[in-house]
Structures are given as C-alpha cells and as structure tokens.
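One structure is given here, and the rest of the page talks about it.
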Amino acid sequence: IALENSDLTRKIEREAVTRAELSRFLSPAVAEMVVKGQVELLRVGRLAEVTSLFADIRGFTSMAEADSPQETVAMLNTFFTGMANVIFKSEGNLDKFIGDCVMAVWGPPSSHPDDAQRALKAALEMQQEVNQINKQRVESGRAPIQVGIGVNTGPAVVGYMGSNERHEFTAIGDSVNTSSRL
C-alpha cells in the first residue's frame, strides 16, 4: 500500500506539473483534456456553436512607432495579462494573441449554456481592466490605450488546426470573422 501511495503521489505531482506547463500555452479546459488523454476529441474538427471575442488595441501601429520596442512589449504584456485573466475568469478559451489583439472563444471543448453571456460579461470586464491599465499608464506619463471589442455567436468549426509540427485548438468560420470585424 505504501508503494502504491508513493506511485500515486508521484503521478499526481507529474500531472500537476504537466497541467501547469500546458496552461501556459493552452486554455485551462484544453489543458485538462490533454492531461486526461482526451486529445483525440480535440483533433477532429467539428461544427459547434461558439461565441468569439476579439479585443484589439486601436492605433497600435502609431503607438509602437512612438515608443521604444521595450515599452511596446511591456504595454502588450500588461494588456495581454489583463485580458487573459478576464477570459479565464469567465471560463473562456484564450485562443491566441494576434499582434496587438486577443482572440477568445466560449464553447467547445468546455461549453456552458450561458457562453454568450459569459463572453459579453468578459467584454465589459475587459473595458474595466483597460481603464485600470490606463490609470497606471497616465500616472507614469504614458498615453492611454483605446481598445475595440467585438463579440459574435454562431456556428464554427472547432478543433486542433495547423501543421504536423505545430497546431492549436481554435475556431474557424464566418461567425468568428464577423466578431473580428466588429
């Protein structure tokens, strides 16, 4: 029994480390499926209803040209951290960072009946987070940032997509494109 308990403890510790490492790159829901060995469920693209959100810094190119690369990276990291925290708090999937934009999806692999409401609540909380970021920026003599947020719900294909060497869990479809344009 002592040996079994020792093996079980080591297994739990390894899973915790794996989950923590995966959560740096995947949303918690996707990381959990990987740890549980349910990767095959993610690989097959399937049609599902999703709510997608894009949060984009307005006028980013002009800001980046005026600031040093280090200041730009620091600003992006602050913005991305704040947005990711809001997304995870509402149990959304942080899909990717696209330049100065954050893409998030609510729905598979961990759907909730109120995913659209969760996304809208996240959008409102993102605005509050940007206000906090801007308060700090203004106090340190920097210009505030402006963020546009688009949210849309509709059908999309979800699953792992990419090359054999690198792929990511994402959603693709007209409904996702529409939220990007909003």
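The values are calculated or read from the model by the stated rules, or taken from the named source; none is laboratory data. Only a predicted model underlies this, so the values are computations on that prediction, with no experimental measurement involved. All Cβ positions, glycine included, derive from the backbone under ideal geometry; neighbour counts span all protein chains shown. Please note that ligands, DNA and RNA were not included when accessible areas were found on the heavy atoms of the full protein model with its side chains. Shrake-Rupley method; radii C 1.70, N 1.55, O 1.52, S 1.80 Å.
How far, in nm, would the chain grow between Thr61 and Gln128 when pulled straight, counting 0.36 nm per residue and subtracting the alpha carbon separation?
In short, 21.8 nm is gained.
Choose one answer from Ala143, Ala171, Ala104: the residue with the largest mean-square fluctuation in a GNM of the chain with alpha-carbon springs under 10 Å.
Sorting by GNM fluctuation, first place goes to Ala143.
Across the chain, how many lysine pairs separated by 8 or more positions, or lying on different chains, have Cα atoms within less than 28 Å?
9
Suppose the chain between Arg14 and Ile98 were pulled fully straight at 0.36 nm per residue; how much longer would it get relative to their current alpha carbon spacing?
27.1 nm
Is the shape of the stretch 47-182 best called rounded, prolate or oblate, per the rule: a/c under 1.5 gives rounded, else a/b larger than b/c gives prolate, else oblate, with a ≥ b ≥ c the square roots of the Cα gyration tensor eigenvalues?
Prolate, because a/c is 1.5 or more and a/b exceeds b/c.
For a quick check of your reading of the filter: which trypsin sites (Lys or Arg not before Pro) in the stretch 79-182 sit in a DSSP loop and have no more than 12 other Cβ atoms within 10 Å?
On the way: sites: Lys89, Lys96, Arg118, Lys121, Lys135, Arg137, Arg142, Arg166, Arg181; in loops: Arg142, Arg166.
When the trypsin sites (Lys or Arg not before Pro) of the stretch 79-182 are filtered for loop state and at most 12 Cβ neighbours within 10 Å, Arg166 remain.
Share of the stretch 92-182's accessible area from carbon and sulfur, percent, 1.4 Å?
Taking all protein chains in place, the stretch 92-182 shows 50 percent carbon and sulfur surface.
Which cross-chain or sequence-distant (5 or more) residues have an amide H under 5 Å from the amide H of Lys96, H modelled 1.01 Å from N in plane?
Met103
State to the nearest 20 debye the size of the charge dipole of the chain about its Cα centre, where the only charges are +1 on K and R beta carbons and -1 on D and E beta carbons.
60
Taking 8 Å as the Cα distance limit and 6 or more residues as the minimum spacing, I'd like the relative contact order of the chain as a percentage.
Details: 256 pairs, mean separation 52.8, N = 182.
Contact order relative to length: 29 percent.
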